[in-house]
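The values are calculated or read from the model by the stated rules, or taken from the named source; none is laboratory data. Remember, predicted model here, so these are calculated numbers, not experimental data. In this analysis, Cβ positions are derived from the backbone assuming ideal geometry, glycine residues included, and neighbour counts consider all displayed protein chains. Accessible surface is based on the protein model in full, side chains and every heavy atom, while ligands, DNA and RNA are left aside. Shrake-Rupley method; radii C 1.70, N 1.55, O 1.52, S 1.80 Å.
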Amino acid sequence: MAKHGQTEDEIPPTMPETTRNMTVNGMETTYQGNTGPDMGISTMGFRSSKYNPAEWHETNYSKYYQSFSDRDNAERIRHESKRTMNETEATTNKTQAEVTKKLGERLQDINFGNLSWKEKFRIQKRQGVDLVQDDVELSLLKEVEIINNVQDLLKKTIDQSEKQIKLNREAKQNLEMDWSDKKEALEIDTKSGSLRNHHTDKQFYSGAAKFEEIQSTPESWAQFSHDNVVRAEHERMASIQLRQLIDNILEDSSRDMREQCDTVDVNFTKRIEEMEDAKTKLEENLNKICREITQMENNIDNLRKAIRDKENPMKVSQTRLNNRTYRPGVELCRDPVQYKLVGEVNEIAQSIDALTEQLNNAENARKDLQDNRMALEKEISVKKNSLFIDREKCVTVRTRYPTTLKLQGHQ
């Protein structure tokens, strides 16, 4: 049920349930992960001067509630001021009417006495007398961690690939040298096998009929060739497996990065909606505060007018009292009229004091409203700046995030 002077839709704001318990064992949520410095950003101590979502929501809630409280207090003061003005006006008018009536009655008494005394003393003359680390930041830090982990994994994979390439080149070189030696040996044996007695390119070579120490045996020759082929085949299979591993790494890492990118984008969208909602509520409260300031200023003007309106009745009462001090002789009587006039002066003075108190309350309430307006305007400016950063500086840049195919190196 709404309070006095409070509309049904004007109810005290409540803090969202989802933001009341966002601490663990009394400690604020912090992020632990690989946020390495190789990304060109500094994340050391990133929580030392930041708010968590619960603090962010609580700050907004306090702004809403302070605005509501100031408006409610101002509305109460306006109603009390109006009531006081009406009561004092009615009281002043009633008392003045009663005093006027009493004076009339007294005049009749005096006139009656005058007539009596005139009869006896014809020759005698008588003389008369107003004061939020949100999901976006957490997901961004998680994205940085994923990217750093992917970079570390890719660096290790590149090192492994470079080692495999080196082994492949060594195997290739061994095969090429073995093939080159065999090709040369084949050419020599082919030439020797086709040599005949009638050929002219023959001569004596003394000492040729012997075995060289470095000569291989058919078994060692066959083993050497076999080892080269096996080693090359081993490296070839290792290369195939490494390529498959690289493809899997690229696929998995690109999927993880893309999924985290989508998570960040979703959190950005949600956060921007929350920020827009908070800014809208602050602007609504600001509009209400501005309207309340206008109404309070009108109320202040009315209170000042009500105080000024008490001047003439006070002058009348005091003038009547002053005039009655000039009554001659025993006519200077402390009669009911005198008591009523003194009571009227005190009553008007009390009304002015009450109106002055309401005026002071109204002026203090206006100052609170103006302070609240400045706080709301500052907070709205903060929200606009946050929205500009999130929407224009961050989301716009994230539209250039690489596609999955490009992350896999296919584009």
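For the residues ARG400, ARG366, ARG373, ARG391, the requirement of being open to solvent by 50 Å² or more (accessible area, probe 1.4 Å) and part of a loop (DSSP other than H, G, I, E, B) singles out ARG400.
Per this entry, SER381 is counted among residues that are loosely packed, with under 13 Cβ neighbours inside 10 Å, within 30 Å of LEU282 (Cβ to Cβ) and of a type in the set (Gly, Ala, Ser). Residue count for segment 188-217 under the criterion of being open to solvent by 100 Å² or more (accessible area, probe 1.4 Å) and assigned to a helix (DSSP H, G or I): the result is 2.
Would you point out which residue out of LEU359, LEU407 is crowded, with 18+ Cβ neighbours inside 10 Å and at pLDDT 90 or above? Don't jump to the end; show me each part of the working.
On the way: LEU407 fails: at pLDDT 90 or above.
Step by step, each of LEU359, LEU407 is checked, and only LEU359 is crowded, with 18+ Cβ neighbours inside 10 Å and at pLDDT 90 or above.
Can you find a residue in segment 269-277 that is open to solvent by 50 Å² or more (accessible area, probe 1.4 Å), among the polar types (S, T, N, Q) and not in a helix (DSSP H, G or I)? Walk me through how you get there before you give the answer.
Kept after step one, since they are open to solvent by 50 Å² or more (accessible area, probe 1.4 Å), are these residues of segment 269-277: 269-270, 273-274, 276-277.
Retained after the next criterion (residues that are among the polar types (S, T, N, Q)): 269.
If we keep only those that are not in a helix (DSSP H, G or I) too, we end up with none.
No: zero hits.
Scanning segment 301-334 for residues that are of a type in the set (Val, Ile, Thr) and more than 13 Å from THR356 (Cα to Cα) returns VAL316, THR319, THR325, VAL330.
With LEU286, LEU282, LEU245, LEU250 as the choices, which residue is assigned to a helix (DSSP H, G or I) and in contact with a Gly (Cβ under 7 Å, 6 or more places away or on another chain)?
Details: LEU286 fails: in contact with a Gly (Cβ under 7 Å, 6 or more places away or on another chain); LEU282 fails: in contact with a Gly (Cβ under 7 Å, 6 or more places away or on another chain); LEU245 fails: in contact with a Gly (Cβ under 7 Å, 6 or more places away or on another chain).
Matching residue, one of LEU286, LEU282, LEU245, LEU250: LEU250.
For MET177, the conditions (1) modelled with pLDDT of 85 or more; (2) open to solvent by less than 100 Å² (accessible area, probe 1.4 Å); (3) of a type in the set (A, V, I, L, M, F, W, C) are fulfilled apart from (2). Every condition in (1) more than 30 Å from SER139 (Cβ to Cβ); (2) loosely packed, with under 12 Cβ neighbours inside 10 Å is met by LYS182 except one, and the failing one is (2).
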